[in-house]
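The values are calculated or read from the model by the stated rules, or taken from the named source; none is laboratory data. Just so it is clear, the structure is predicted and the values come from calculations on it, not from any experiment. Quick reminder, even Gly has a Cβ in these numbers, built from the backbone with ideal geometry, and neighbours come from all protein chains shown.
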Amino acid sequence: MSRLATPIRRNDQVMVIAGKDRGKRGRVLKVVPDNNRLLIEGVNLIKRHTKPNPGKNVKGGIVEREAPLHASNVQLVCPECGAPTRIGHRLLGDGRKVRVCRKCEGVVDK
Ligand SMILES: [Zn+2]
C-alpha cells in the first residue's frame, strides 16, 4: 500500500492555484493516487471529439470533460473559514486522525 502524497480526498472542495484554471473552485470527483492527480468538477476541461456509437447510445461530436490536474496545483478550501489552505493533521482524543486547516485550526474531516 502506498501512502498518498496529497491530503486531498474525494468530495473535497478545492481551489486551483496554478495553470489556466487558476482561481477556479470545484469539487474533487476522483483522486488518482498513482500519479497524484485529481479530477475536479468543471476544472481543466478538455474537448474530446467522439465518434457516434449507436450500440452504446453515444452521440458523435465534441464533448467537454474534465482532465486530471496535478495535486500540487490545487489547495483544499477549508469548510470552516472558506479559504484555500494547507493541511495539518491532528490526533483526536478518540484516536481518530483528522485533517485540520492551518489557517483557522478548524477540523476539515467531520
Ligand atoms: Zn480554515
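Report yes if some residue within segment 91-100 is hydrophobic (A, V, I, L, M, F, W, C), surrounded by 11 or more Cβ atoms within 10 Å (Cβ to Cβ) and within 11 Å of the chain's Cα centre (by Cα); otherwise report no.
Scanning segment 91-100, I find no residue that is hydrophobic (A, V, I, L, M, F, W, C), surrounded by 11 or more Cβ atoms within 10 Å (Cβ to Cβ) and within 11 Å of the chain's Cα centre (by Cα), so the answer is no.
Looking only at residues in segment 66-100 that are touching a Leu at 6+ places or on another chain (Cβ under 7 Å) and of a type in the set (D, E, K, R), which one is farthest from Gln13 (Cα to Cα)?
Lys97
Each row is one residue, and each column tells you yes or no for (1) at positive phi; (2) at pLDDT 95 or above; (3) touching a Gly at 6+ places or on another chain (Cβ under 7 Å); (4) not aliphatic (A, V, I, L, M).
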{"site": "Ile40", "(1), (2), (3), (4)": "no, yes, yes, no"}
{"site": "Pro54", "(1), (2), (3), (4)": "no, no, no, yes"}
{"site": "Lys59", "(1), (2), (3), (4)": "no, no, no, yes"}
{"site": "Ile62", "(1), (2), (3), (4)": "no, no, no, no"}
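State which residue is nearest to Thr6 (Cα to Cα) when the search covers only segment 94-109 and only residues that are in contact with a Gly (Cβ under 8 Å, 6 or more places away or on another chain) and in a strand (DSSP E or B).
The qualifying residue nearest to Thr6 (Cα to Cα) is Arg99.
What residue, of Ile87, Ile40, is buried (at least 16 other Cβ atoms within 10 Å of the Cβ), within 13 Å of the ligand (Cβ to nearest atom), within 17 Å of Thr6 (Cβ to Cβ) and not charged (D, E, K, R)?
Sole residue among the options that is buried (at least 16 other Cβ atoms within 10 Å of the Cβ), within 13 Å of the ligand (Cβ to nearest atom), within 17 Å of Thr6 (Cβ to Cβ) and not charged (D, E, K, R): Ile87.
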